[in-house]
Amino acid sequence: MRINKYLAECGIASRRACDKLIGEGRVKVNGRAASLGEDVSERDVVTVDGAQVERKPVHRYFLMNKPKGYVCTVKDDKDRKTVMQLLPEGAGRVFPVGRLDFDTEGMLIFTDDGDLAFRLTHPKNEISKTYLVKIEGSIGDAELNRLRAGVELDGKLTNKSRIKVVATDKKFTKLHITVTEGRNRQVRRMFEAVGKHIVFLKRIKIGEMPLGSLERGKVRKLTQEEIFYLTNL
Ligand code: URA
């Protein structure tokens, strides 16, 4: 395997950043300075700044653009369609990281890496998630500011959120909202709290990582850069 890919898979840095480390002479293979583009195998001893690089267990990571009409569980007791049915054959024992409602679309990560799943979903880490929201009618500054400041759900204020209106027409308003919690039906309930009904909801970003152009219902593997980004969020 190419040395930069190997280092990235061991969690050292992104491939490009690993090339830089190699260029700076900080990477050694069996005691001699590594060169860009060389191949290494399991038998080689690779060090960065003198510390031996350890191969982590290989995990799997996928990104799905979830369509509405699917539940985010491994098995549904009401026999509805589950997101697991959209995974490619041979995806392995991966599970969805966090949840999207039955009616919500968009970015959903699957992995068998329990550490990453825990980090991305633990409330104390306040990982931001951005949603495209479509509501009926318009929304005023007073409501927007209430949503930004935090609204009360289940007796507790939501964290501050970032919101911007991205499009309006006679019937609908589209907005982007970024929240840092994952409470049950949080975005829908936040808008209900200011008297607005969501007719379309799609997660479009986790941290700064966008869903991009993945088609609705499709799944792809995460790139090394994306895995590195998420594991270091
Ligand atoms: N907020 C919601 O209301 N629903 C989701 O699926 C995700 C965030």
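Checking the condition over 19 Å from R185 (Cα atoms) and either outside any helix (DSSP H, G or I) or at pLDDT below 95 (or both), which residue from R93, R80 passes? Quick ask: steps written out before the conclusion?
Numbers: R80 fails: over 19 Å from R185 (Cα atoms).
Within the list R93, R80, the selection yields R93.
Among residues of region 5-18 that are touching a residue at least 60 places away in the same chain (Cβ under 8 Å), those with a Cβ under 9 angstrom from a residue that is aromatic (F, W, Y) and crowded, with 17+ Cβ neighbours inside 10 Å, sequence gap 6+ or separate chain, pair up as A8/F228; G11/F228; A13/F228; S14/F228; R15/F228.
When the strands (runs of 3 or more DSSP E) confined to region 123-233 are screened for residues that are free of Cβ contacts under 8 Å to residues at least 40 places away in the same chain and either within 16 Å of the ligand (Cβ to nearest atom) or surrounded by 12 or more Cβ atoms within 10 Å (Cβ to Cβ) (or both), those reaching at least 3 such residues are found at 162-168.
Taking the conditions exactly as written (more than 16 Å from the ligand (Cβ to nearest atom) and either surrounded by 11 or more Cβ atoms within 10 Å (Cβ to Cβ) or under 16 Å from N232 (Cβ atoms) (or both)), does M107 satisfy them or not? Show your work before the answer.
Working: more than 16 Å from the ligand (Cβ to nearest atom): no; either surrounded by 11 or more Cβ atoms within 10 Å (Cβ to Cβ) or under 16 Å from N232 (Cβ atoms) (or both): yes.
Judged against the criteria, M107 is not a match.
The values are calculated or read from the model by the stated rules, or taken from the named source; none is laboratory data. On a predicted model such as this, the values are computed, not experimentally measured, just so you know. Every residue, glycine among them, receives a Cβ derived from its backbone with ideal geometry; neighbour counts consider all protein chains shown.
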